[in-house]
Amino acid sequence: MITKINKQQRLVVVANRLPFTLKHDNDEWRVEHSTGGLVTAMEPLLKNSDGIWIGWPGDSDNLDDPQRLKLLDDRGRLEGCFAVDLSPEVSYGFYEGYSNQTLWPLFHQFPSLLKFTPEYWHAYVEANRCFRDMILEHLQPDDLIWIHDYQLMLLPQMLREAAPAASIGFFLHTPFPSSSIFRLLPRREEMLQGLLGADYIAFHTYIYQQNFRNSVLRILGLESRMDSVKFGARAVQLDALPIGIAPDQFTDILAHDEETKDQLNRLKQRFPNRRILLGVDRLDYTKGIPERLRTYRRLLTENPDLRGQIVLIQVAVPSREDIPMYKELRHEVDELIGQIDGEFSTPDWTPIVYIRRNIPRPALVALYAAADLAWITPLADGLNLVAKEYVACQKGRAGALVLSEFAGAASEMGEAFLVNPYDDERTAEIIKSALSQSDDERREKMAALHKRVVHNNVFKWSERFLTGLCEAATARIENISNKPQALPVAEIVAAYRKSTKRHLLLDYDGTLVCFSKRPQDAVPTSDLSPLLTRLAADPSNSVAIVSGRSCADLERWLGDIEGLWLAAEHGAIIRSPVTMAWETFRENYSDEWKERVRPILEHFVDRTPGSLIEVKEFALVWHYRMADPVFGAWLANELVSTLEQLLAETELRALHGNKIVEVKPVWVNKGEVLKRLAHVAPEPDFLLAAGDDRTDEDLFACMPEDAWSMHIGDQDSRARFCLGNPKDLRQLLGRFIETNVC
Ligand code: ADQ
């Protein structure tokens, strides 16, 4: 199903950079327009929806200069571009610091280059806050917010807190690394939680999406489906959506621009009978430029016949030059090129032409069209647009695309010559064989690539993203209307006060007290026993603790409270405050089934380090909270299906709960406790049940429609109402007693 984007909705693009940079020279301020892929994709969308763009203008000095402010003000009014100003300290720590010395190396699998200082982190948080504030200043109710890239990963959750109803999408342009790399990141939990504020998160490739799911599981303990992850009450949709280019912007230049035609001719004249190999990159260590140069040296060393026959044109645009690593890279590249040119040059041939600057689009297009082979071998790259730009300019031509298998683009460009850039020997062989293939063979591959690049263009990409975002935001809104409503506290207190025959059924863990890492540590809080004592002492009340715990636990913690009903093991066994004896509903219950089931669970314990069996009177439970989460969940599914076959046509059921698989008779059900109380004290005029987990849903399902069923926490539930946490519930119970007293 394709949801059409509502034309009334305005698009708010949020990216680290605005589509222009502010420049200050000779006491004059001016704007320099950017022409990257993002600008190309977003500009038509913004025009169509009267949208706005929020970003950093690229300068941090003289922020209050009136001429500068006037210029920015004009951009806001006339073009809908609003600048987030950052002080020099914040912008350095945010951009050069945490973004580009912590996140960038780690996301590109260079953990040894990761640098972290708490000051960088604080600047990153502060910058994300500044972006949030600017968005809030301009936000309108139906806006679609599209946040871009790794610099703004905290922003979705910051916005969600400030504007809970906002439609928020996030696209990551870099790779998302495997969880074993991601876990090295200082402040990794905050980063994942920050992202999960979005309704919709998209990556370039399916692998990055799976890496993200894995990190969310291993670091936050959240299980997910292939395309969504549950975060609190919301489902966050996930997608793999490789960005495209605007092919016409390249082919039109090639077909009509005189300067381009001229440059193409000049290139042919300059290199007659020589094959052109082309590298185009930002000067970044992820792009694999030194590795490429070393491979080129090997190619020339091992193939003397190629000398004089080929030339490598390497275009590299300097970037992030305030970071020491980038300066070192520049020197390394300069040095390698000097060595290779020195070693192989002849009076009429230089093996490498090195252009270290940004070149205008017409010149770039001429190079793409002239190149016999594009050598695009990043060591890691989110996608790589250069590969697609080259293909766009090779329509009907016989160029060869040599592409690193570590560029995200490789997953869509199977007809390319795929290489591992770390293996210079094999890469050199593949380059040689690509050059020696017939034109027809190469043309055929290029035609297939070209078709896909044209089809999966940047406009399709943005349309798919916005469709995904709209669907995710709509699903969230529909979901909210089916959810329990916030408990009307004054109303329930008044109802309690008016009533004379009350039933209160309260779960224990996660409802009256918070969870602890070890179950034995979840002891009652100091206020709980006095509270329950006073509630149970009221002759109008029947108060029952309805828990999955054993009789022994409940007795140890709450057994001395007079008048309190205790229901252990999900209501399978109940202690009446009158007889003080534990009773079960079933007579003639036999637990000989445990002998059949237990060996199966033991087999799974043997296979799963960290898992264990808990033996209860009415249940056997396999716990895997301490096991590897992926392996544990996988085996849990296998265990449930094994048990389902074994237990078919018996009164036993296997349930996959929160890091557990529990086997118990089907009649063991918290709803039974309700019947039991009704038997002892029929027709209550105030009925309350509070719980937080799946087993409490059985109880909620048995409650009359007008009863006070309440879910503790904000997840989905059959309960009518929800309440924040155990402390809120204890406070509510406290208010019952006060009102009763006065
Ligand atoms: P980048 O790391 O910048 O982008 P890439 O996708 O290759 O990498 O885009 C580079 C762009 O700069 C291309 O459009 C190219 O034409 C241009 N360019 C490069 N060198 C140039 C030069 N010397 N002169 C002029 N133009 C030059 C990030 C991620 C990528 C992801 C993109 C888009 O790192 O993996 O593909 O975003 O999501």
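Is there a residue being surrounded by fewer than 22 Cβ atoms within 10 Å (Cβ to Cβ), under 20 Å from Gly37 (Cα atoms) and either free of Cβ contacts under 8 Å to residues at least 40 places away in the same chain or small (Gly, Ala, Ser) (or both) anywhere in region 231-243?
Yes, some residue in region 231-243 is surrounded by fewer than 22 Cβ atoms within 10 Å (Cβ to Cβ), under 20 Å from Gly37 (Cα atoms) and either free of Cβ contacts under 8 Å to residues at least 40 places away in the same chain or small (Gly, Ala, Ser) (or both).
Here is a yes/no grid of residues against (1) over 19 Å from Leu469 (Cβ atoms); (2) surrounded by fewer than 22 Cβ atoms within 10 Å (Cβ to Cβ); (3) within 15 Å of the ligand (Cβ to nearest atom); (4) aromatic (Phe, Trp, Tyr):
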position	(1), (2), (3), (4)
Ile147	no, no, yes, no
Gln157	no, no, no, no
Ala163	no, yes, no, no
Gln193	yes, yes, no, no
Asp199	no, no, no, no
His204	no, no, yes, no
Asp227	no, yes, no, no
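Which of the residues belonging to region 58-78 are more than 25 Å from Lys327 (Cβ to Cβ) and either among the basic types (Lys, Arg) or touching a strand residue (DSSP E or B) at 6+ places or on another chain (Cβ under 8 Å) (or both)? First the steps, then the outcome.
First, the residues of region 58-78 that are more than 25 Å from Lys327 (Cβ to Cβ): 62-78.
Of everything in region 58-78, those that are more than 25 Å from Lys327 (Cβ to Cβ) and either among the basic types (Lys, Arg) or touching a strand residue (DSSP E or B) at 6+ places or on another chain (Cβ under 8 Å) (or both) turn out to be Asn62, Asp65, Gln67, Arg68, Lys70, Leu71, Leu72, Arg75, Gly76, Arg77.
Table: residues versus (1) in contact with a His (Cβ under 7 Å, 6 or more places away or on another chain); (2) at negative phi; (3) within 14 Å of the ligand (Cβ to nearest atom).
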position: Val280; (1), (2), (3): no, yes, yes
position: Asp284; (1), (2), (3): no, yes, yes
position: Pro290; (1), (2), (3): no, yes, no
position: Arg297; (1), (2), (3): no, yes, no
position: Thr301; (1), (2), (3): no, yes, no
position: Asp305; (1), (2), (3): no, yes, no
position: Gly308; (1), (2), (3): no, no, no
position: Val315; (1), (2), (3): no, yes, yes
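Do you know which residues across region 250-277 are more than 16 Å from the ligand (Cβ to nearest atom), assigned to a helix (DSSP H, G or I) and open to solvent by 70 Å² or more (accessible area, probe 1.4 Å)?
Passing the criteria: His256, Glu258, Lys261, Asp262, Asn265, Arg266, Lys268, Gln269, Arg270.
If we scan region 472-487, do we find a residue that is touching a residue at least 60 places away in the same chain (Cβ under 8 Å) and in contact with a helix residue (DSSP H, G or I) (Cβ under 8 Å, 6 or more places away or on another chain)?
yes
Restricting the search to region 330-373, which residues are more than 20 Å from Arg320 (Cβ to Cβ) and among the hydroxyl-bearing types (Ser, Thr, Tyr)?
Correct list: Ser345, Thr346, Thr350, Tyr368.
Can you spot a residue in region 348-370 that is more than 25 Å from Ala416 (Cα to Cα), away from the ligand (no atom under 16 Å from the Cβ), open to solvent by 20 Å² or more (accessible area, probe 1.4 Å) and not in a strand (DSSP E or B)?
yes
Could you check Leu46 against (1) within 26 Å of the chain's Cα centre (by Cα); (2) away from the ligand (no atom under 16 Å from the Cβ); (3) open to solvent by less than 20 Å² (accessible area, probe 1.4 Å) and say which number it fails?
(3)
Examine region 467-482 for a residue that is open to solvent by less than 60 Å² (accessible area, probe 1.4 Å) and more than 30 Å from the chain's Cα centre (by Cα), and state whether such a residue exists.
Looking for residues that are open to solvent by less than 60 Å² (accessible area, probe 1.4 Å) and more than 30 Å from the chain's Cα centre (by Cα), one finds none in region 467-482, hence no.
Would you point out which residue out of Ser167, Ser215 is out of contact with any strand residue (DSSP E or B) (no Cβ under 8 Å at 6 or more places or on another chain), away from the ligand (no atom under 16 Å from the Cβ) and of a type in the set (Ser, Thr, Tyr)? Spell out how you get there, then give the answer.
Values: Ser167 fails: out of contact with any strand residue (DSSP E or B) (no Cβ under 8 Å at 6 or more places or on another chain).
After applying the criteria, what remains is Ser215.
For residues that are open to solvent by 10 Å² or more (accessible area, probe 1.4 Å), touching a residue at least 24 places away in the same chain (Cβ under 8 Å) and among the hydroxyl-bearing types (Ser, Thr, Tyr), tally how many sit in region 278-313.
Of the residues in that region, 1 qualify.
Given the options Arg575, Arg556, Arg549, Arg598, name the one that is charged (D, E, K, R) and closer than 24 Å to Leu646 by Cβ.
Working: Arg575 fails: closer than 24 Å to Leu646 by Cβ; Arg556 fails: closer than 24 Å to Leu646 by Cβ; Arg549 fails: closer than 24 Å to Leu646 by Cβ.
Every option except Arg598 fails the conditions.
What pairs come out if I take residues in region 336-358 that are farther than 18 Å from Leu277 by Cβ and of a type outside the set (A, V, I, L, M) and pair them with residues that are surrounded by 14 or more Cβ atoms within 10 Å (Cβ to Cβ) and modelled with pLDDT under 95 whose C-beta lies under 9 Å away, six or more apart or interchain?
Listed pairs, sorted by first residue: Arg357/Val317; Arg357/Pro318; Asn358/Val317; Asn358/Pro318.
Which residues, taken from region 385-408, are touching a strand residue (DSSP E or B) at 6+ places or on another chain (Cβ under 9 Å) and open to solvent by less than 10 Å² (accessible area, probe 1.4 Å)?
Listed by number, the residues that qualify are Ala387, Tyr390, Val391, Gln394, Gly399, Ala400, Leu401, Val402, Leu403, Ser404, Ala407, Gly408.
Return yes when Val493 is outside any helix (DSSP H, G or I) and β-branched (Val, Ile, Thr) and no when it is not.
Working: outside any helix (DSSP H, G or I): no; β-branched (Val, Ile, Thr): yes.
Taking the combined requirement at face value, the residue does not satisfy it.
If you take the residues of region 600-649 that are open to solvent by less than 20 Å² (accessible area, probe 1.4 Å), more than 28 Å from Ile219 (Cα to Cα) and among the aliphatic types (A, V, I, L, M), which of them is nearest to the chain's Cα centre (by Cα)?
Ranking the qualifying residues of region 600-649, first place goes to Leu643.
Answer yes or no as to whether Gly510 is at positive phi and either among the acidic types (Asp, Glu) or crowded, with 18+ Cβ neighbours inside 10 Å (or both). Steps first, answer last, please.
On the way: at positive phi: yes; either among the acidic types (Asp, Glu) or crowded, with 18+ Cβ neighbours inside 10 Å (or both): yes.
For Gly510, the condition - at positive phi and either among the acidic types (Asp, Glu) or crowded, with 18+ Cβ neighbours inside 10 Å (or both) - is met.
Taking region 314-347 as the search range and keeping residues that are polar (S, T, N, Q) and over 21 Å from Ala428 (Cα atoms), which one is least open to solvent (accessible area, probe 1.4 Å)?
If we filter region 314-347 for residues that are polar (S, T, N, Q), which is where we start, we get 314, 319, 339, 345-346.
Now drop any that are not over 21 Å from Ala428 (Cα atoms), which leaves 319, 346.
On the way: Ser319: 21, Thr346: 64 Å².
My answer is Ser319.
Can we say Ala410 is away from the ligand (no atom under 13 Å from the Cβ) and aliphatic (A, V, I, L, M)?
Working: away from the ligand (no atom under 13 Å from the Cβ): no; aliphatic (A, V, I, L, M): yes.
It is false that Ala410 is away from the ligand (no atom under 13 Å from the Cβ) and aliphatic (A, V, I, L, M).
Among Asp440, Asp424, Asp372, which is the only one that is out of contact with any helix residue (DSSP H, G or I) (no Cβ under 9 Å at 6 or more places or on another chain) and farther than 22 Å from Val317 by Cβ? Give the steps one after another, and end with the answer.
Values: Asp424 fails: out of contact with any helix residue (DSSP H, G or I) (no Cβ under 9 Å at 6 or more places or on another chain); Asp372 fails: out of contact with any helix residue (DSSP H, G or I) (no Cβ under 9 Å at 6 or more places or on another chain).
Sole residue among the options that is out of contact with any helix residue (DSSP H, G or I) (no Cβ under 9 Å at 6 or more places or on another chain) and farther than 22 Å from Val317 by Cβ: Asp440.
The values are calculated or read from the model by the stated rules, or taken from the named source; none is laboratory data. Small disclaimer: the values here were computed from a predicted structure and weren't measured. We place every Cβ from the backbone using ideal geometry, glycine too, and count neighbours over all the protein chains shown. Protein only, heavy atoms only, side chains kept; ligands, DNA and RNA dropped before computing areas. Shrake-Rupley method; radii C 1.70, N 1.55, O 1.52, S 1.80 Å.
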